[in-house]
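Enquirer: Take this structure first; my questions come after.
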Amino acid sequence: MSTEEIDPQKLLTPRRKPQGITAVLLPYTKGDEVDWPGFEGLLRRTTDAGLTPAVNMDTGYANLIDEATRQRVLQTTRQVTGDLAFVAGAYVQDQPGDAFNADAYATQIESIQEHGGIPVIFQSYGLAHQADDAILENYRRIASMTGEFIAFELGNAFAPFGNIYSLGAYEQLMQIPQCSGAKHSSLNRVEEWRRLALRNRVRPDFRVYTGNDLAIDMIAYGSDYLLGLSSFAPDVFALRDRLWAEGDPRWNEWNDWLQYLGFLAFRPAVPAYKHSAAMFLHARGWIDSPRTHPASPTRSEADRELLTQLAERIEARLTDFNSKA
């Protein structure tokens, strides 16, 4: 399917309520320890907004935390969310050239399911850097381990082990019954439009979760979302989603505000967006410190001033909007 064959206007889905999944930030204290009360607060704000929490994702430093922290995240999430749904990253670390480590994925999937979560299958070199047939066979082995999973295509801007699959491989992935959807993080509209067109033709119940923090209006074309950006403001994302579903033109203004934030936070080096998130959430008064995991890249102090100004302006707009509701 070439670029010329895609008509984005035909993909538009007005008045559709997207499924919103938020990759919740794992906050840190000034002493470089996990801020567990802060994490619980962010989980509650996410569920209170009507969004589904995603934990142990990139925003939760999946590739940096140890197993004990990973397990406590799952336990805390289950305690806070109660009977509500949540998803969690199944992350397996390996090296270029390694074979697919099915046992390691099985361990992660089992742990997530024991806590009541749905696994989001992070890519690894062994899983994703193979020929298409081998990649699909790896996913079929994963499908045999669980009743439901979410796949995940990750661009190299986020992590070196990421890989954006061919459209043919994606079509085969969609036909695995246990795979209910896939997060697409190429940061490329055309690649996502192609997947949406394919989804509409092959498996309409399959969810394409946009991971494009630079084009969050992809919900207008039929994407759902699993975003790190929504961890900055799950309340505003929920408001934007509701306005789109109601056909309210004010959705454009809120989408613009959030997109300004996305352009600032997700510029290169992209992994430093987690520091942007911490600074923004601290400016909102939602966490006690703007610290991140000690091994995670950071932004400059100039960003703190810009993010604080954005937080203040968004809070003011929310107050004004709610007063007129």
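Enquirer: Take every Cα-Cα distance within the stretch 22-67, group them into 5 Å bins from 0 onward, and report for each bin the whole-number percent of pairs it holds.
Expert: So the P(r) values, bin by bin, are 5, 24, 29, 25, 12, 5, 0.
Enquirer: Then there's this: Remind me, what semi-axes does the stretch 194-287 give for its equivalent ellipsoid, largest first in whole Å, using sqrt of 5 times each Cα gyration tensor eigenvalue?
Expert: Semi-axis lengths for the stretch 194-287 are 25, 17, 11 Å.
Enquirer: Tell me which lysines have Cα within less than 28 Å of Lys30's Cα, excluding those fewer than 8 residues away on the same chain?
Expert: Hits, sequence-local ones excluded: Lys274.
Enquirer: Something else: Per-residue HN-Hα couplings for the stretch 151-156, Karplus 6.51 cos²θ - 1.76 cosθ + 1.60 at θ = phi - 60°, whole Hz, x for Gly and Pro?
Expert: Result, rounded to whole Hz: 7, 7, 9, 10, x, 5.
Enquirer: Rounded to the nearest 500 deg cm²/dmol, what is the calculated helix-only ellipticity per residue at 222 nm for the chain, with -39500 (n - 2.57) per DSSP H run of length n ≥ 4?
Expert: Rounded to the nearest 500, the figure is -14000 deg cm²/dmol.
Enquirer: What would the Debye formula give as log10 I(q)/I(0) at q = 0.11, 0.21 Å⁻¹ for the alpha-carbon point model of the stretch 1-149, no solvent?
Expert: -0.52, -1.22
Enquirer: Can I ask one more? If you consider only alpha-carbon coordinates, what radius of gyration and Dmax does the stretch 262-301 have, in Å?
Expert: Reported Rg and Dmax, both Å: 9.7, 26.
Enquirer: Something else about it: Would you list which lysines come within 25 Å of Lys17, measuring only between C-alpha atoms, while excluding same-chain residues fewer than 8 positions from it?
Expert: Lys183, Lys324
Enquirer: Give a quick list of trypsin sites (Lys or Arg not before Pro) in the stretch 1-54 that DSSP marks as loop, anything other than H, G, I, E or B, with at most 13 other Cβ atoms within 10 Å.
Expert: Here the sparse-neighbourhood loop sites are Arg15, Lys30.
Enquirer: Oh, and also: Under Stokes-Einstein, with the Kirkwood radius over Cα pairs standing in for Rh, what whole-number D in µm²/s applies to the stretch 88-158 at 4 °C and 1.567 mPa s?
Expert: Using the Kirkwood radius from Cα pairs, D works out to 106 µm²/s.
Enquirer: In addition: Using Stokes-Einstein with the Kirkwood hydrodynamic radius over Cα pairs, what translational diffusion coefficient do you get for the stretch 215-256 at 10 °C and a viscosity of 1.306 mPa s, in µm²/s rounded to a whole number?
Expert: 153
Enquirer: Grab the Cα-Cα distance for Glu171 and Ala157, subtract it from 0.36 nm times how many residues apart they are, and report the gain in nm with one decimal.
Expert: Extra length available between Glu171 and Ala157 comes to 2.7 nm.
Enquirer: On to the next question. For a quick check: with amide H placed at 1.01 Å from N, whose amide H comes under 5 Å from Ala90's, ignoring anything fewer than 5 positions away on the same chain?
Expert: Amide H neighbours of Ala90: Val120, Ile121, Phe122.
Enquirer: Find how much the distance from Lys324 to Lys30 grows on full extension, using 0.36 nm per residue of separation minus their present alpha carbon separation; answer in nm with one decimal.
Expert: Roughly 101.9 nm would be gained on extension.
Enquirer: Extending each Cα 7 Å along its Cβ direction at Arg313 and Phe263, get the distance between those two points in nm, one decimal.
Expert: 1.1
Enquirer: Determine the distance separating the Cα centre of the stretch 182-246 from the Cα centre of the stretch 15-57; give it in Å without decimals.
Expert: Using only Cα atoms, the two centres lie 18 Å from each other.
Enquirer: On to the next question. Considering all alpha-carbon pairs of the chain, what whole percent are spaced by more than 29 angstrom?
Expert: Here the long-distance tail beyond 29 Å is 34 percent of all Cα pairs in the chain.
Enquirer: For the stretch 246-325, what does the accessible surface come to per residue with a 1.4 Å probe? Please give it in Å².
Expert: 50
Enquirer: What FRET efficiency would be calculated for the residue pair Ala102, Gln9, taking the C-beta separation as r and a Förster radius of 56 Å, to the nearest 0.05?
Expert: The calculated FRET efficiency here is 0.85.
Enquirer: Compute the normalised compactness of the stretch 239-325: alpha-carbon radius of gyration over 2.2 N^0.38 Å, N being the residue count.
Expert: 1.20
Enquirer: Here is a further query. Taking the Cβ-Cβ separation of Val202 and Ala68 as r and a Förster radius of 45 Å, what is the calculated FRET efficiency to the nearest 0.05?
Expert: 0.60
Enquirer: Looking at the stretch 63-106, what % of the alpha carbon pairs are farther apart than 13 Å?
Expert: Tail of the P(r) past 13 Å holds 65 percent of the pairs.
The values are calculated or read from the model by the stated rules, or taken from the named source; none is laboratory data. Just so you know, these numbers come straight off a predicted model, no measurement behind them. Please note: Cβ atoms are built from the backbone with ideal geometry, for glycine as well, and neighbour counts cover all protein chains shown. Surface areas here come from the heavy atoms of the whole protein model, side chains and all, with no ligands, DNA or RNA. Shrake-Rupley method; radii C 1.70, N 1.55, O 1.52, S 1.80 Å.
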